[in-house]
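Visitor: The following block contains the structure, expressed as structure tokens.
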Amino acid sequence: MDVVSVIALSMGAAWASGINLYATLFMLGYMASTGNITLPAELDIVANPMVMTAAGLMYCVEFFADKIPGIDSAWDSIHTFIRIPAGAMLASSAIGDVTPAVELTTALLGGALAASTHATKAGTRLLINTSPEPASNWTASISEDLIVIGGLWTALHHPVLFIIGLIAFIILMIWLLPRLWRLIRFLFRKIGSWLGLCDTPAPLARTQGKSLVASIRDADFEP
């Protein structure tokens, strides 16, 4: 594999792990076991039938857990301790046989990328759960699965295109994460005010009746 392909595979695996780790593992294992791709020797383990079976079973569990309001956020909370280190491990394994310094650098970058995509996913799903209907959860979950599959396929077959898309995605995350954080803090303060634990947040009137997109757009207020 050339340098661009290795970078796309390494960062693609980390990026996808932050969204859906089990779909990432199963897809890499399936494509490697069917001869569609050749993985670095350090990453061949994902094609092991035992690993693929475990990843497939966990994906089935996540498929349903990720579509139930409240359960999906609890699932994301637990997987904070799974997706991020797994993303770092996959990134360092995908880089191949390199020096320890390069391997550690790749693991750090992969872990940071997995953490960012995980935080974006978890924060967005927490805000979606404020909606009274479950359709948005199903739409978001299926969209995430398709993004992971499509993103990994692009990383493996069109690495340059994937890297360009990844840079655009990172720019979007840099813009989005602070606004998600402000909205999540506002949401918890609002819940706290209902329970009598704190005062009603001042910007409440500015977010009533607004969609998630509109709330994110206007989330430059100070909670």
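Please treat every number below as a calculation from the coordinates, not as lab data. These numbers were taken from a predicted model, which means no experiment stands behind them. A quick note on method: Cβ atoms are made from the backbone with ideal geometry, for glycine too, and the neighbour counts reach across all protein chains shown.
Visitor: Quick check on the exposure proxy: order K67, K121 from fewest to most C-beta atoms within 10 angstrom. If you can, show how the numbers build up before the last one.
Guide: Working: K67 17, K121 22.
Ranked by crowding around the Cβ, least crowded first: K67, K121.
Visitor: Follow-up question, since we're still on this one. Could you calculate the FRET efficiency of V61 with H157 from 1/(1 + (r/R0)^6), where r is the beta carbon distance between them and R0 is 25 Å, rounded to 0.05?
Guide: Numbers: r = 29 Å, r/R0 = 1.16.
So, using R0 = 25 Å, E works out to roughly 0.30.
Visitor: Quote the relative contact order of the stretch 3-169 in percent (integer), defining contacts as alpha-carbon pairs under 8 Å separated by 6+ residues.
Guide: 37
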